[in-house]
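Scroll down for the structure; my scribbles are underneath it.
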Amino acid sequence: MEKKVVIIGAGIAGLSAGCYARMNGYDVEIHEAQRLPGGLCTAWKRNGYVVDGCIHWLMGSRPGTGFYQIWEELGAVQGRSMFDHDIFASYKSLDGRTLHFYTDIDRLEEHLKQFSPPDTAAIQELCGLTRRLAGFSFPLGKAPELMGLFDGIRLMAGLRPYMKDLMAGGRLTMGDLGARFKDPFLSTAIANVTFDPRMPAMALIMTLAPMSQRAAGFPIGGSLEFARAIERRFTQLGGRIIYQSRVEKVLERAGSAVGVRLSGGEEVSADYVISASDMRATLYSLLDGNHVSPLHRQLFESGRLYSPVVLVSFGVDMDFSDQISCLGTAYELEQPIQIGGRSHSLFGIKNYCFDPSLAPAGKSVVGCYIPADWSHWERLIADPNAYTAEKEKIAAICQEQIELRHPGFTSRIEMRDVVTPHTFERYTGNWKGSFMTWMLSSEFQRKYRYIPKAVPGLSGFYQASMWTNPPGGVPGAAAAGREVVQLLCHADRKRFVTSKP
């Protein structure tokens, strides 16, 4: 008789866990509070335009790379086209100079040298590091909880060619990387290309590296369609999803998880319960704070999160297809502007013309991702009028900034949409509205070899979300779902197996 698994949440982690659990012979039921799959990996329609709220690039988008195997197993890439960016991001200074972060590393190196020949040594160091890491592929071995001595030896052997470079890059922030350049323009542009000088430098290096190999493209159709492909794989495997079904509590008996209680009072029994939702809500709400490990508590007290964002999107009757890049262009501002509780000296503009499915022909979706301060939005939530006014104010600022650079923009707007950190928190339950999780650093990785999926004092219960696989994102969530099913199979003394549709 198949053992039953109840999964909380149909985001990428929950769908992944569901697929792998079905591959391994479990009876699986997913309960999702919303009416759509994907969680944070989502998109929505407005006036004929599609606002994509998640994927910028997909690690493992090319066959032969590590994560591609997962996407194949989950049925997410079969028959799906990928768009590979030639430019990761651009930076434009007040004096009109524009730096392009080309994904062709040779081209990037020559471009950087044109700006500052005296920085040749630093340029070669950055580009050389990126080239050497271009062959790196994240290993898809066992869940870290199951790794023994020989597994560790094999892992280290695979990492050995890259270890020196990974350690060198892992010690730097984007600010540190920028400070290595003598030219003020290059120094500022490099430090700020990811909009946060505190961000690990590996965020840039380990993005450019796979992009240079055409292995980190954008899945045409967007984030929601990508999630729906995994949903189809799950249901084709025989799994069940119940939408608009919010889990209120995890049921316990004699130290074991035995099911869940839904918000309407219905109880669903299970042999295993997997929470693929927000970690803090899981531990302190679904489990009433009774099973919080010292490690998890320490993370909540001192772990540094990626900043939440405000996403302002416009559907416009203009063609921006001659200005395509992955993250868009960061413009240096004459005077800082106040947006979302922060002062900003840069303003970013991105368009989605690389995916024709997101806007009518000849028209464009133009977006602004703005780092924000959670406490600012937390204060506004209590006052609906102030909250609405703040959204209107931010939309007006963004509209004005785009108009300055693209005259006529305002008169041709056909759609406007504003998503705040509170929106992310309300829709997904993600703590502090975060769209990613813990910000990685060499210190963090030394301190936390891995984040446990089990909790103390409760057997048969596991967490599997991007919170357990920092820094999160779509690949981390998918890997978490795969790994948690390895733990189930280990507990049941079954061989973990996978298949492809």
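Bear in mind that the values in this text are calculations on the coordinates, not laboratory data. Quick caveat: nothing in here was measured; it's all calculated off a predicted structure. Here Cβ is always computed from backbone atoms with ideal geometry, including for glycine, and neighbour counts include all displayed protein chains.
Longer than 30 Å from Cα to Cα, which of Lys182/Lys363; Lys432/Lys453; Lys113/Lys350; Lys363/Lys391; Lys4/Lys453; Lys350/Lys393 are they? Say none if no pair is. In this structure, Lys182/Lys363 exceed 30 Å between Cα atoms.
Remark: Lys92, Lys447 ranked as Lys447, Lys92, counting other beta-carbon atoms within 10 Å and listing the fewest first. Placing dummy labels 7 Å off each Cα toward the beta-carbon, the span from Phe185 to Ser459 is 6.6 nm. Backbone N atoms of region 1-36 closer than 19 Å to the 7 Å Cα→Cβ label point of Leu251 belong to residues 2-9, 27-33. Among DSSP bridges having both ends in region 1-98, what percentage is antiparallel? Round to the nearest 5. Within region 1-98, antiparallel bridges account for around 45 percent of the total.
Between Gln445 and Gln236, the modelled labels are 3.6 nm apart [label points 7 Å from Cα along Cα→Cβ].
Distance between the pseudo-spin-label points of Arg426 and Asp383 (7 Å out from Cα toward the beta carbon): 1.8 nm. Of the DSSP H helices in the chain, those with a Cα length along their own long axis of 20 Å or more and a mean Kyte-Doolittle hydropathy reaching 0.5 comprise 473-491.
Our helix-only sum for the chain, with -39,500 (n - 2.57) per DSSP H run of n ≥ 4 divided by its residues, gives a mean residue ellipticity at 222 nm of -11000 deg cm²/dmol.
Near Gln445: Cβ cut-off under 14 Å, other residues only, Lys/Arg at +1 and Asp/Glu at -1. The net charge is +4.
Compared with the alpha-carbon gap, the fully stretched path from Lys494 to Lys164 is longer by 115.1 nm at 0.36 nm per residue.
Counting 0.36 nm for each residue step from Arg131 to Gln114 and taking away their Cα separation leaves a gain of 4.2 nm. Among 50-57, 241-248, sorting by the average number of other beta carbon atoms lying within 10 angstrom of each residue, highest first, gives 50-57, 241-248.
Ranking of Val273, Val268 by neighbouring Cβ atoms within 10 Å, starting from the fewest: Val268, Val273. Beta bridges from DSSP with both residues in the chain: antiparallel share about 70 percent, rounded to the nearest 5.
Start at zero, step by 20 Å, and the Cα-Cα distances of the chain spread as 22, 57, 20, 1 percent across the bins. Quick one: check the C-alpha center-to-center distance for region 324-340 versus region 463-477, whole angstrom. Result: 28 Å between the Cα centres. Label 7 Å along Cα→Cβ of Ser357; region 32-51 residues with amide nitrogen under 13 Å? Residues passing the 13 Å test: 42-44, 50-51. Full extension of the chain between Ser343 and Ile324 gives 4.2 nm of extra length, using 0.36 nm per residue less the Cα-Cα distance.
Between the beta carbons of Ser93 and Asn47, assuming R0 = 30 Å, the FRET efficiency works out to 0.30 to the nearest 0.05.
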